[in-house]
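What follows is calculated from the coordinates using simple rules that are stated; it is not laboratory data. Note that the structure is a prediction, hence the values are computed from the model and not measured. Cβ: placed from backbone, ideal geometry, glycine included. Neighbour counts: every protein chain shown.
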C-alpha cells in the first residue's frame, strides 16, 4: 500500500515538487518536535522550581525560551520564572543589574507577575547606593562619592530624581571641602596668591560679567568655545561642558589651569574651578591652587562610561 501510494503521488507531482513536499513535512515535524521539547523543558522547570532546584530550573527555562512557537502564556511563564530564579539565586551568580534586566524584560509581557520583583530590586539598588554615597561624603572622599553616582547611573532602573539630589549634595560637599581646606591652607598659599596677582593684575577690577566673558574667550579653540556656561562666584567658578566637547577640555587642561590662576588673582583667595559635565550634574575636573608649585592643579574626577 505504501509503495502504491508513493507511486500514485509520483504521477501527480514531479521530482522537484515532491522534494519540496518532503522538506515541508520535515519542517513541520521539526517544529512539532521543538514545541514538544519546549513543553518538556517547561514541565521540567516547573518540577525543579517546586523542588527548589533553582539552577536546574534556570537551565530548563533558558532551553525552553529558545523554542520558536511558544504561546503568549508560555512566553510569559518562561520570562517570569527566569526573573524569579535569578532573583532567588541572587549575587554573585546574578548581579542586581542582571536581575533587573531579566525582570524588566519580563514585565513587558501583558499579565506578567514580575513587577513586585522589579520594585524590590530598584529599592535595593537605590538604598545601597545611598548608603555608599553617604559614607563617602562623611569621609570627605568626593571622588568615591562621584564614582558611586556614576555606577548607579548604569543601573537599568536608576532613579533620575535620586541622581539629581546626590549630585546637588556632591556640589555642596565640594564647596564645603574647598572652603574648609582653604582656611588651613591660607598661610601656605599667601605667596602663591601674591604670584597670581602679579601675573594677572587686571583681574581684580573686573565685574563678574567681564570676567565670565574673559573666561569664555580663553576657553575657545578654533573659534569654538569648549564650555557652554560660566558661573562666577566669590571664591569659585563653575564651567559647564557638553559631552561632545569633553575631549577638547581634556587636551587643553593647561588653559583651564591658567583660568583658575586668574580666578585666584581676582578673588585674592584659595579660588577653585569646577568643570561640570552637562546633563549629569557631576564634575569632570576640579582645579585649585597648589601652594608648592604656585600654579593651579587639576583633579580628574571619574566620568560615566560612554555608550
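Roughly speaking, what is the stretch gain from residue 89 to residue 154, that is 0.36 nm per residue apart minus the C-alpha to C-alpha distance, in nm to one decimal?
Details: separation 65, 0.36 × 65 = 23.40 nm, distance 2.20 nm.
Net length gain for the segment: 21.2 nm.
The distance linking the range 41-76 with the range 201-262 is 59 Å (Cα centroid to Cα centroid, whole angstrom).
Expected output is a single nm value to one decimal: the length gained when fully extending between residue 66 and residue 108, i.e. 0.36 nm times separation in residues minus the C-alpha distance. What is it? Spell out each step's value before the answer.
Values: separation 42, 0.36 × 42 = 15.12 nm, distance 1.80 nm.
Full extension of this stretch gives 13.3 nm more.
The ellipsoid equivalent to the alpha-carbon distribution of the range 97-177 has semi-axes of 30, 10, 9 angstrom, derived from the gyration tensor eigenvalues as √(5λ) and listed largest first.
Suppose the chain between residue 73 and residue 39 were pulled fully straight at 0.36 nm per residue; how much longer would it get relative to their current alpha carbon spacing? Please list the in-between numbers first.
On the way: separation 34, 0.36 × 34 = 12.24 nm, distance 1.22 nm.
11.0 nm is the gain from fully extending residue 73 to residue 39.
How compact is the range 182-300 by the rule of thumb for globular proteins, expressed as Cα Rg over 2.2 N^0.38 Å? Each step should come with its number before you reach the end.
Details: Rg = 13.6 Å, N = 119, 2.2 N^0.38 = 13.5 Å.
Dividing the Cα radius of gyration by 2.2 N^0.38 Å gives 1.00.
Modelled this way, with points 7 Å down the Cα-to-C-beta line, the labels at residue 120 and residue 251 are 5.1 nm from one another.
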